[in-house]
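See structure below.
The values are calculated or read from the model by the stated rules, or taken from the named source; none is laboratory data. Here the structure is a predicted model, which is why all the values come from computation and not from measurement. Every residue, glycine as well, gets a Cβ built from its backbone with ideal geometry; the counts of neighbours run over all protein chains shown.
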Amino acid sequence: MFKKNKKDVIKLLETIAIYLELKGENPFKISAYRKAAQALERDERSLADIDDFTKIKGVGKGTNTVIMDYLQNNESETLNELEQEIPAGLIALLQLPGLGGKKIAKLYQDLGVVDATSLKEACESGQVEKLAGFGVKTSKNILQALSQVNERPERLPVAIMLPAVEKIEMYLDSLSPIKKYSLAGSLRRMKEQVRDIDFIIATEQPEEVRQALLEIKNIKTIISSGLTKVSIVLEEAYDVNVDFRLVTPYEYATTLHHFTGSKEHNVGMRQLAKARGEKINEYGIEIEESNEIITFDSEQEFFNHFGLQYIPPELRENRGELDAFTSAVNLVERNDIRGDLHMHTTWSDGAQSVEEMVNYAREIGYEYIAITDHSKFLRVANGLNETRLRKQREEIERLNAKYDDIHVFAGVEMDILPDGTLDFSTEFLRELDFVIGAIHSGFNQSEEKIMYRLYTALENPFVQLIAHPTGRLIGRRDGYAVNVEQLIERAVETNTALEINANPNRLDLSAEWATAAQQMGATIAINTDAHNYNMFSHMDYGVRTAKRGWVKKETVLNTWEKDHLINYFNRHK
């Protein structure tokens, strides 16, 4: 959908460096690619603004040739050749803790290790522990890591599942015998970790659809293949089970409801039906007196039949929705979002320039955005110091003068440092339109220390938002030792907003804590933390998480009109 961006080029150069390292190439050649990647990372321009890569210190003629080949042909001949030379199994070994390119290169060149199987054999035979730089302990650690690497968790994080869903939906869109379809199950309810993927398909040609479903790419196993249900296993990052249920268009709404709600929600709905002398099944509602079967054109009609408003999928877990939705409930919706208040550009570790991010925000109809590149402490992300932030503000002021259909706030995602201080002085923070406080380091500190750091940010009059407040990565990292209830309490006291970070790896605050924040009176912002164009679409996941947490529109900072937002930002100035 989008053209190559600077991050794609940086990744290419870093990948080539890894392949060269595995190959045992000259260290100077490897270093040239890494230096070129670092030079591009430091350059504040986007690809569109760079007319000659060789003018960038660190990019030589050789690396420039590779970059231009990649941009002109949408692939790299250099990387393609290296991929043919180096066993693919070696790249997977880079995911093992403690094994970098140099060590894997030694295993490959000295012991002939080419994949996980040969590495395991080399460890068990005692060859690895005899290699210089390895030893008995390293060999044992490798074996332990190998024993865990292919274990599929019972539930997979939503960030792993959603790309698979997108691929499936693109394929289903191409099948003319399908009248309509929808994601169902716990993924439609926006559960953070799920077992499998469910789709409901309405069709009058089940045989044609069945055959087409068996031609989806990356099928590893066909579990069942009938005219009402097709079950397959897709080979993605992990094996992913996918169930397709095929029904008539008349049955579609009731079936979709049945396979979306949790068991508890469906029990609650059946009790409502029983009180009316009716029975709900997968395909419709049966009137007990007459045995008549009622079907519906939509889930909206299905709920209305029971005197209920439409209940969003995210809430169908019998957590009070059957009582609440007897009347309208004003939860936040995607079209309520007026702008995004957390994003990064090429000034730090983003892929697009400030103006490119502004123009994309204009295209999708945002009224305002905040540019919030990283602060100076985060050197790995090319964080900005005071001088660069003031220079960036000049660029933002130029864009505000240029475009009258969007307002750009000059902000920063400022690190809350491990010692409990902030990355900038209070006097400097006053200069900025919008300040986000965030923890990116010292994750192993005690709860007392973590809370001290967060309180320091909350109590600063010019910090308006705490980003990704628990620091978790779903299924990968638990986050730091934060007492979230106390965090919310202090956020309410200081009138500081808390973020639902819409990145599907984070969704932080979680829906459960978003509910608590809503009940305790906190202000929430739903932001994407976008580092490129593609990530703007993550706003959907953030809104769905907020809905799952029963968050109301008026609670969300970035549903407010611009003047209301400015008053909030300036409340202590």
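Could you list, in sequence order, the residues of region 286-323 that are at pLDDT 95 or above, over 30 Å from the mean Cα position of the chain (by Cα) and more than 13 Å from Leu256 (Cβ to Cβ)? Of everything in region 286-323, those that are at pLDDT 95 or above, over 30 Å from the mean Cα position of the chain (by Cα) and more than 13 Å from Leu256 (Cβ to Cβ) turn out to be Asn304, His305, Phe306, Gly307, Leu308, Gln309, Leu322, Asp323. Residue pairs whose Cβ atoms lie under 6 Å apart, separated by 6 or more positions or on different chains, with the first residue in region 228-249 and farther than 16 Å from Pro206 by Cβ and the second assigned to a strand (DSSP E or B) and of a type in the set (S, T, N, Q), are Val233/Thr221; Val233/Asn241.
Taking into account only those residues within region 348-391 that are of a type in the set (Phe, Trp, Tyr) and touching a helix residue (DSSP H, G or I) at 6+ places or on another chain (Cβ under 7 Å), which is nearest to Glu561 (Cα to Cα)? Once the filter is applied, the top-ranked residue is Tyr368. Identify, by number, the condition in (1) of a type in the set (A, V, I, L, M, F, W, C); (2) outside the structural domain of Thr221 (by TED's automatic domain parsing); (3) touching a strand residue (DSSP E or B) at 6+ places or on another chain (Cβ under 8 Å) that Val267 doesn't meet. Condition not satisfied by Val267: (3). A single entry from Ile488, Ile500, Ile466, Ile439 fulfils the requirement of being over 27 Å from Gln392 (Cα atoms), among the aliphatic types (A, V, I, L, M) and outside the structural domain of Leu187 (by TED's automatic domain parsing): Ile488. Would you check if Phe428 is under 22 Å from Pro469 (Cα atoms) and aromatic (Phe, Trp, Tyr)? When the stated conditions are applied, Phe428 does not pass them.
When the residues of region 270-295 are filtered to those that are assigned to a helix (DSSP H, G or I) and either of a type in the set (D, E, K, R) or not assigned by TED's automatic domain parsing to the domain that holds Pro313 (or both), the one that is nearest to Leu172 (Cα to Cα) is Arg270. Here Glu81 meets each of (1) part of a helix (DSSP H, G or I); (2) surrounded by 13 or more Cβ atoms within 10 Å (Cβ to Cβ); (3) among the charged types (D, E, K, R) with one exception, condition (2). The number of residues in region 455-506 being in a loop (DSSP other than H, G, I, E, B) and either free of Cβ contacts under 8 Å to residues at least 24 places away in the same chain or not β-branched (Val, Ile, Thr) (or both) comes to 23. On the basis of being farther than 26 Å from Asn330 by Cα and at pLDDT 95 or above, does Leu458 make the cut? It is true that Leu458 is farther than 26 Å from Asn330 by Cα and at pLDDT 95 or above.
Looking across Ala497, Ala481, Ala467, one residue alone is closer than 20 Å to Thr421 by Cβ and either acidic (Asp, Glu) or buried (at least 20 other Cβ atoms within 10 Å of the Cβ) (or both). It is Ala467.
Under the condition of being over 19 Å from the mean Cα position of the chain (by Cα), of a type in the set (A, V, I, L, M) and under 16 Å from Leu384 (Cβ atoms), the residues counted in region 343-361 number 1. Against the list (1) under 27 Å from the mean Cα position of the chain (by Cα); (2) modelled with pLDDT under 95, the condition Val329 fails is (1). In region 140-188, the residue that is nearest to the chain's Cα centre (by Cα) out of those that are polar (S, T, N, Q) and assigned to a helix (DSSP H, G or I) is Ser186. Kindly establish whether Ile50 is under 25 Å from His531 (Cβ atoms) and modelled with pLDDT under 90. Criteria not met by Ile50. For region 39-49, the condition holds for no residue, the condition being that it is without any contact (Cβ under 8 Å) to a residue 24 or more places away in the chain, of a type in the set (D, E, K, R), under 23 Å from Lys102 (Cβ atoms) and assigned by TED's automatic domain parsing to the domain that holds Leu82.
Selection of helices (runs of 4 or more DSSP H) fully inside region 297-405 by the criterion of at least 2 residues being assigned by TED's automatic domain parsing to the domain that holds Thr260 returns 299-305, 321-324.
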